[in-house]
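One structure is given below, encoded as structure tokens.
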Amino acid sequence: MVRMSTWGPLALVGGDELHPGNEPQDEVLVGAAGNGPAFVLATAAARRRPEVAVANAVRWFASLGLAIEELPATRRSHAKDAANAARARKGRFFYLVGGDPGLVPKTLAGTRLWEAIVEAWRSGAALAGSSAGAMALGEWTLVRERMPGDDRRRYLPALGLVPRVAVLPHFETFGHRWVESAERAAPRSDVVLVGLGERTAALHADGAWRALGDGGVTVIAGGDRRR
């Protein structure tokens with residue numbers, strides 16, 4: 001995996017978030033949040049009842065002792081709003097739920113809100129994304145090449161927080177089927193594919209990556225695969 005500077009903890013989660021089994025990574029994130037504001041972003045779920053994703057997140061993290069609230073981020077206007085960005089800048093915890101892989105970069109890239117979130121993370125805040133949320137944190141996100149149900153994937157620029165990386169979530173259920181097309185369509189020779197099992201995270205903290213959860217983390221680079 002790519003090494004980054006030591007900022008706040010960063011978790012790339014393979015999906016099925018906000019359910020039992022996610023405690024190992026979520027407890028690390030909750031611990032880093034301290035007493036600061038904690039937020040869930042339902043950006044990826046904007047077309048699929050985002051209020052349900054928010055309610056699930058509020059309930060789940062309350063069970064772990066953390067009170068969170070929604071940071072509005074389902075429209076580009078939210079991401080451009082100065083007051084919303086100012087609120088984010090004070091945050092100590094951010095969680096991007098799953099949903100549509102293309103929506104998060106389209107909504108957040110190059111905005112005041114995303115810049116504020118990154119600034120907070122670099123100041124020690126916890127940041128996590130699950131499934132489509134995790135995909136958005138890499139250099140590229142993978143979207144369907146053509147029709148729904150198509151296993152072939154194409155690359156779109158993501159938020160670029162983790163350079164060289166494209167995330168393959170739900171790896172043990174269906175994400176592994178994307179590997180062939182992702183390798184074939186790779187925009188550069190140094191692309192790193194990170195396959196994440198559900199309820200499993202690749203967690204960056206204290207200057208190093210580690211895997212948490214039973215689903216496993218598979219790293220594919222230059223034709224080599226390791227777990």
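Distance from the C-alpha centroid of segment 159-187 to that of segment 108-143: 17 Å, rounded to the whole angstrom.
With every protein chain left in place, what is the accessible area per residue of the chain in square angstrom, probe 1.4 Å? Kindly include the intermediate steps, with their values, before the conclusion.
On the way: 9800 Å² over 227 residues.
Here the residues of the chain average 43 Å² of exposed surface.
The heavy atoms of His19 present about 90 square angstrom of accessible area, all protein chains included, probe 1.4 Å.
Multiplying the residue separation of Arg210 and Ser123 by 0.36 nm and subtracting their alpha-carbon distance yields 29.2 nm.
Based on the mean of other beta carbon atoms within 10 Å per residue, what is the order of 117-126, 49-58, most packed first?
Details: 117-126: 20.0, 49-58: 17.5.
Those peptides, ordered most packed to least, come out 117-126, 49-58.
Once you keep just the Cα pairs under 8 angstrom separated by 6 or more residues, what percentage relative contact order results for segment 119-224?
Details: 198 pairs, mean separation 21.2, N = 106.
About 20 percent, as a whole number.
A simple spin-label model places pseudo-atoms 7 Å from Cα toward Cβ; at Arg75 and Glu23 they are separated by 4.0 nm.
Note that segment 161-227 shows a convex hull volume over its alpha carbon atoms of 88 Å³ per residue.
A crude spin-label estimate for the pair Val52 and Ala109, with each label 7 Å from Cα along the Cβ direction, gives 2.8 nm. Kyte-Doolittle mean at least -0.5 and Cα extent at least 18 Å along the axis: which DSSP H helices of the chain qualify? The qualifying helices are 50-63.
The values are calculated or read from the model by the stated rules, or taken from the named source; none is laboratory data. All values derive from a computational prediction rather than experimental measurement. Using ideal geometry, Cβ is built from the backbone for each residue, glycine included, and neighbour counts are taken over all protein chains shown. The protein model used for the area step is the full one, side chains on, heavy atoms only, and it has no ligands, DNA or RNA in it. Shrake-Rupley method; radii C 1.70, N 1.55, O 1.52, S 1.80 Å.
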